[in-house]
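The values are calculated or read from the model by the stated rules, or taken from the named source; none is laboratory data. Owing to the predicted nature of the structure, the values given are computational and were not obtained by experimental measurement. Note that we place each Cβ from the backbone using ideal geometry, even for glycine, and neighbour counts take in every protein chain shown.
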């Protein structure tokens with residue numbers, strides 16, 4: 001058996017684990033990442049790409065934002081489409097100049113991987129049978145198998161950044177954790193295509209046929225979604241069928257200007273709201289999708305993961321630099337306040353924009369009234385914009401910054 005020693009053992013080499021590792025490295029804290037998949041698999045995940053300003057600031061602090069600023073698309077607003085017309089939400093005007101940046105999660109992951117490799121920091125890919133041990137005491141450890149041998153990582157702390165299906169949350173005793181979940185009765189059929197975006201900003205559409213979203217990853221790569229039944233199959237949708245359905249849900253001018261092309265990726269994602277609390281168990285901390293899932297409507301998934309990582313990195317810096325446990329003791333409490341606000345916004349926006357099955361018709365009428373109010377009231381639009389660009393940090397982590 002091979003034994004490795006580090007200060008912080010990180011489970012999961014997605015953007016949450018990699019960003020935490022990068023921040024800890026810059027704070028002079030040793031860390032090692034264990035990932036059950038290969039690096040190519042991690043990079044192949046197609047995920048969201050709308051970054052809050054707070055996330056961009058954190059990537060700046062981590063020293064991994066050069067390409068983001070060169071290639072990312074800064075958006076000062078987005079559009080709501082309903083009743084055959086588009087209405088712009090001016091984020092910058094409503095929030096004192098704040099905005100979001102479109103930059104794919106795959107690209108964030110790539111930048112973090114390259115920074116970690118350049119710094120010579122250890123990452124173990126293709127680790128099998130990852131297990132967490134003794135995190136309720138003062139000597140937590142991780143075991144895994146690789147190349148026919150069993151390895152042990154001894155650490156001061158473990159950060160569980162391995163997602164919804166990972167080993168970290170599953171290792172917590174059932175009685176020590178409570179979960180909250182809502183499954184939505186529809187999914188998103190999404191395609192990625194090398195075509196120019198139909199608009200320079202995102203378009204969120206509420207239509208009688210269902211929700212649609214026009215997004216992008218770059219000036220030449222688009223990401224489009226249409227609401228579909230939860231039990232639908234990708235095999236049921238040819239590219240032509242997808243484009244036809246998307247056109248039907250857009251306003252006439254947008255539908256007419258839509259440029260179509262062959263998809264380079266096509267998938268169906270279910271929509272779920274999920275929170276597990278607390279997020280700390282002795283010397284194990286959950287972060288990102290290991291602790292919470294949001295429906296993608298509000299573009300909060302990656303941003304919430306970055307928020308968790310920020311709080312945890314600052315708390316660990318305080319622990320090692322000042323010998324104070326105040327930050328780690330409040331980690332769960334501080335994170336969950338922001339998480340539940342983001343969960344609320346994502347639930348509200350999802351409920352506002354989608355067609356619900358078996359509805360008597362009142363939901364559509366209420367949605368239309370809410371949308372009319374949003375685009376006609378500066379106060380209502382400001383509330384929406386403040387949540388979309390990202391709420392400010394609060395609590396202990398903000399005070400350390």
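Among the residues of region 347-365, those identified as in contact with a strand residue (DSSP E or B) (Cβ under 7 Å, 6 or more places away or on another chain), buried (at least 20 other Cβ atoms within 10 Å of the Cβ) and not in a loop (DSSP other than H, G, I, E, B) are 350, 353. The set of residues in region 145-178 that are under 29 Å from residue 318 (Cβ atoms) and part of a strand (DSSP E or B) comprises 152, 153, 154, 157, 158, 159, 160, 178. Applying the condition of being surrounded by fewer than 16 Cβ atoms within 10 Å (Cβ to Cβ) and not in a helix (DSSP H, G or I) to region 321-332 and asking which residue is farthest from the chain's Cα centre (by Cα) yields 323.
When the helices (runs of 4 or more DSSP H) confined to region 1-113 are screened for residues that are crowded, with 17+ Cβ neighbours inside 10 Å and touching a helix residue (DSSP H, G or I) at 6+ places or on another chain (Cβ under 9 Å), those reaching at least 2 such residues are found at 15-26, 53-62, 91-94. The set of residues from region 250-295 being in a helix (DSSP H, G or I) and in contact with a helix residue (DSSP H, G or I) (Cβ under 8 Å, 6 or more places away or on another chain) comprises 255, 288, 289, 290. Of the residues 120, 187, 175, the single one that is on the phi > 0 side of the Ramachandran plot and out of contact with any helix residue (DSSP H, G or I) (no Cβ under 9 Å at 6 or more places or on another chain) is 120. Considering region 124-139, the residues that are surrounded by 20 or more Cβ atoms within 10 Å (Cβ to Cβ) and in contact with a helix residue (DSSP H, G or I) (Cβ under 9 Å, 6 or more places away or on another chain) include one that is nearest to residue 15 (Cα to Cα), namely 130.
Within region 334-344, the only residue that satisfies the criterion of being touching a residue at least 60 places away in the same chain (Cβ under 8 Å) and loosely packed, with under 15 Cβ neighbours inside 10 Å is 340.
When residue 185 is tested against the conditions (1) touching a strand residue (DSSP E or B) at 6+ places or on another chain (Cβ under 6 Å); (2) surrounded by fewer than 22 Cβ atoms within 10 Å (Cβ to Cβ); (3) assigned to a strand (DSSP E or B), the lone failure is (1).
Taking the numbered list (1) more than 18 Å from the chain's Cα centre (by Cα); (2) over 30 Å from residue 374 (Cβ atoms) in turn, residue 94 passes all entries but (2). Taking only pairs six or more apart or across chains, which ones have beta-carbon atoms under 7 Å, a first residue in region 232-256 that is without any contact (Cβ under 8 Å) to a residue 60 or more places away in the chain and at positive phi, and a second residue that is in a helix (DSSP H, G or I) and surrounded by 17 or more Cβ atoms within 10 Å (Cβ to Cβ)? Once the first residue is without any contact (Cβ under 8 Å) to a residue 60 or more places away in the chain and at positive phi and sits in region 232-256, no partner that is in a helix (DSSP H, G or I) and surrounded by 17 or more Cβ atoms within 10 Å (Cβ to Cβ) comes close enough.
One line per residue, one yes/no per condition, for (1) under 23 Å from the mean Cα position of the chain (by Cα); (2) under 24 Å from residue 171 (Cα atoms); (3) at pLDDT 95 or above:
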site: 314; (1), (2), (3): yes, no, yes
site: 319; (1), (2), (3): no, no, yes
site: 356; (1), (2), (3): no, no, no
site: 362; (1), (2), (3): no, no, no
site: 395; (1), (2), (3): yes, no, no
